[in-house]
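In what follows, a single structure is set out as structure tokens and then discussed.
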Amino acid sequence: INNPLPQAELVSALHQLQQDSREREPQVAASPAAGISQQDSNAMVQNLVASLSAERDRLFDGVDRRRMPAADTQIIDLVGMMFEYMLKDDGIPNVAKAELSRLHTPYLKVAIIDKGLFTNTRHPAHELLNTLARASARWVFDDNLERGIFPSVHNVVERVLAEFENNLDIFSELLELFTANVHDLEIKSAAIEKRSQQAAEGKEKLGVARQHAAKAIAERVADHTVPAPVKKLLQDVWQEKLMFIYLREPDAAESDSWALAVQTVDAIIWSVEPRSSTEALAELRERLPEVQKQIELAFETLSAYGISSNDSHLALIRDVQQAILTAPVKKPV
């Protein structure tokens with residue numbers, strides 16, 4: 001009767017296998033998503049599965065398999081099944097599968113040292129592998145491995161291969177570190193998503209504001225003869241002012257500022273339209289000083305919205321008003 005293989009001897013053989021696997025480069029250094037067929041992807045997974053099987057064969061070649069307790073043989077098979085299940089998960093990118101498959105031998109060693117790997121759902125080594133797989137499915141990007149969580153996954157794998165001998169505490173430490181990395185990535189991603197959403201909402205609101213402002217000016221200019229310089233001022237400067245009012249004021253087009261801006265447009269148009277009778281011209285001459293004060297006050301009150309070159313804009317309006325006062329009366333045709 002053969003003496004049972006001591007656990008220390010089996011752990012030693014696994015540790016040697018771990019060191020050998022560490023020296024070998026991972027099978028897949030990169031796996032570009034573009035241009036890789038499903039057939040190629042399936043073949044890659046099959047190669048990884050075959051590689052795990054070959055690792056187990058190397059272990060059995062290095063020890064006297066006849067002396068290995070049946071329970072240990074079953075545990076080795078269970079670890080193999082666990083990794084093969086992970087490799088067949090279509091949600092995990094192949095590059096991540098290749099990296100995670102490098103943990104196969106260390107996990108064989110964990111399972112031999114601590115049978116709780118399979119019975120304890122909170123086992124740190126089990127939790128670590130599940131967390132690595134879940135994070136890889138969400139945060140590993142084939143086309144840019146530096147962008148997501150892959151560098152952290154690679155760091156975890158390297159540390160396990162380099163540092164794990166028989167002290168399981170390293171899995172708790174790495175689980176804590178890796179979980180913190182995932183949390184940081186989630187926070188950054190949420191911030192980027194929020195900024196993108198705010199930018200989209202801002203762009204949409206800006207478009208709506210521009211439409212409302214343009215419509216307000218167009219409705220007031222329509223059916224009026226407005227001299228070109230003033231019309232340009234209204235369509236450029238004052239339209240922008242209305243747009244900013246719409247964006248900044250909680251009540252938008254229902255706000256007092258909007259009402260004042262629109263009334264001012266009406267006052268400007270009234271004051272610069274050519275008169276078609278001496279009576280109309282006399283009324284303009286009588287009311288103009290008061291209207292000019294109202295316009296000036298409105299310019300000052302609304303100077304916080306948009307361009308505030310009040311003096312030059314007011315001077316342009318006054319020049320046109322003066323030209324209307326001195327122009328011959330134009331009888332309607």
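Quick rundown of the values:
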quantity: Cα long-axis angle, helix 169-221 against the chain (0 to 90 degrees, to the nearest 10); calculated: 20 degrees
quantity: Cα long-axis angle, helix 239-248 against the chain (0 to 90 degrees, to the nearest 10); calculated: 50 degrees
quantity: Pairwise Lys count, the range 185-333 - Cα closer than 30 Å, eight or more residues apart or different chains; calculated: 29
quantity: Of all accessible heavy-atom area on the chain, the percent that carbon and sulfur account for (1.4 Å); calculated: 50 percent
quantity: Computed accessible area, Trp139, all protein chains, 1.4 angstrom probe, square angstrom; calculated: 20 Å²
quantity: Residue of Gln197, Gln322, Gln239 that the Gaussian network model of the chain assigns the largest fluctuation, springs spanning Cα pairs under 10 Å; calculated: Gln322
quantity: 222 nm mean residue ellipticity, helices alone, for the chain (DSSP H n ≥ 4; -39,500 (n - 2.57); rounded to 500); calculated: -24000 deg cm²/dmol
quantity: Relative packing of peptides 252-263, 176-187 - highest average C-beta neighbours within 10 Å first; calculated: 252-263, 176-187
quantity: Whole-number percent relative contact order across the chain, with pairs defined as alpha carbons under 8 Å at least 6 apart; calculated: 14 percent
quantity: Among Lys188, Lys88, Lys232, residue whose mean-square fluctuation peaks in a GNM of the chain (springs only between Cα atoms under 10 Å); calculated: Lys232
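The values are calculated or read from the model by the stated rules, or taken from the named source; none is laboratory data. All of these numbers come straight from a predicted model, not from anything done at the bench. So basically every Cβ, Gly included, is an ideal-geometry build from the backbone, and we count neighbours across all protein chains shown. What goes into the accessible areas is simple: the full protein's heavy atoms, side chains included, and nothing from ligands, DNA or RNA. Shrake-Rupley method; radii C 1.70, N 1.55, O 1.52, S 1.80 Å.
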